[in-house]
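Some notes on the structure that comes next.
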Amino acid sequence: SQQGEEDPQALSIQEGENATMNCSYKTSINNLQWYRQNSGRGLVHLILIRSNEREKHSGRLRVTLDTSKKSSSLLITASRAADTASYFCATDSISGNKLVFGAGTILRVKS
Amino acid sequence: AAGVIQSPRHLIKEKRETATLKCYPIPRHDTVYWYQQGPGQDPQFLISFYEKMQSDKGSIPDRFSAQQFSDYHSELNMSSLELGDSALYFCASSLRTRANEQFFGPGTRLTVL
C-alpha cells in the first residue's frame with residue numbers, strides 16, 4: 001500500500017462481537033476516512049474524521065484518530081453477518097486532494 | 001439521490017486492444033477522480049480533473065489517458081492493454097471545495113485476456 005498498513009489483514013469474529021481494525025499512515029493529513037467494500041464491488045463511505053478530531057461516532061461505528069502516532073482505528077460494535085466486507089482507511093493530504101488508501105482489512109462475521 | 005455512474009460495468013478485452021471507460025459524476029460535482037484496484041489490492045489513485053483540466057496525477061501508465069468534458073463527465077482511455085491492467089476501475093466525484101468528500105461509482109471491472 002502507498003499509505004501504510006492496516007491491522008489486522010483479516011479478522012474473523014462471531015456475530016454480536018466487536019471488531020476493531022487499525023490503520024497507519026505516513027504523511028500529514030487533512031482527513032481520514034473509512035470505506036467498506038463488499039467482495040469486488042463499490043466503495044461505500046462510512047465515516048470521515050478530520051485531523052483536529054480525536055473520536056467520532058456513527059451508529060455502531062466508532063473511529064479514533066491519533067495524529068501523533070499517525071494511526072486510526074475503526075470499531076464496529078455488535079457486529080452482524082452483513083458487516084462481512086473489506087474495510088479500507090483513506091487519507092487526503094494537505095498537499096493534494098487524491099485519496100490514498102491503506103491495504104484493507106478483510107472482516108468476516110460468522111452467524 | 002443520484003450517484004456516480006460508470007459504464008460499462010464489465011469489460012473483457014484482449015491484450016494490445018484499447019478500452020474506454022466512462023464516468024458520469026453526481027450532478028453539480030465539478031471534480032472527477034480515477035482509481036485502479038487490482039485483485040486483492042487497495043485502490044490506487046490514477047488521475048483527477050477539475051473543470052476539464054488535469055488537477056492531480058498518480059500512478060497512471062503512459063498508455064492511459066483521460067479527459068473531462070464540458071458536461072463534467074470523464075473518460076479513461078487505455079491502449080495497448082496488458083494482462084496486468086485487469087482490475088476494478090473506480091471513478092469518484094466531488095465538489096472542488098469539498099474534495100475530501102469523494103463519492104465513488106460502482107466501478108468497471110476490466111478483464112484483459
Most mobile of B:Gly58, B:Gly40, B:Gly84 in a GNM of chain B (Cα contacts under 10 Å): B:Gly40
Whole-number D in µm² s⁻¹ for the protein assembly as shown, Kirkwood Cα-pair radius fed into Stokes-Einstein, 10 °C, 1.306 mPa s: 89
Tail weight of P(r) past 19 Å, computed on alpha-carbon pairs of segment A:1-87, percent: 37
Over chain B, relative contact order from alpha-carbon pairs under 8 Å, at least 6 apart, %: 37
Burial ordering of A:Ile49, B:Ile26, fewest other beta-carbon atoms within 10 Å first: B:Ile26, A:Ile49
Centre separation in Å (Cα based) which lies between segment A:17-94 and segment B:1-59: 23
Shielding by other protein chains, B:38-45, mean Cβ within 10 Å: 6
Shielding score for A:37-45, defined as the mean number of other chain Cβ atoms within 10 Å: 5
Cα point-scatterer Debye curve for segment B:1-63, base-10 log of I(q)/I(0) at q = 0.13, 0.28 Å⁻¹: -0.44, -1.36
Interchain or long-range residues, amide H under 5 Å from B:Lys13's placed H: B:Thr111, B:Val112, B:Leu113
Cβ neighbours within 10 Å from other chains - mean over B:83-93: 1
Least to most buried among B:Val112, A:Val44 (fewest other Cβ within 10 Å first): A:Val44, B:Val112
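Each value in this text was obtained by applying a stated rule to the coordinates, not by laboratory testing. This structure is a prediction, so every number in the text was calculated from the model and none was measured. So basically every Cβ, Gly included, is an ideal-geometry build from the backbone, and we count neighbours across all protein chains shown.
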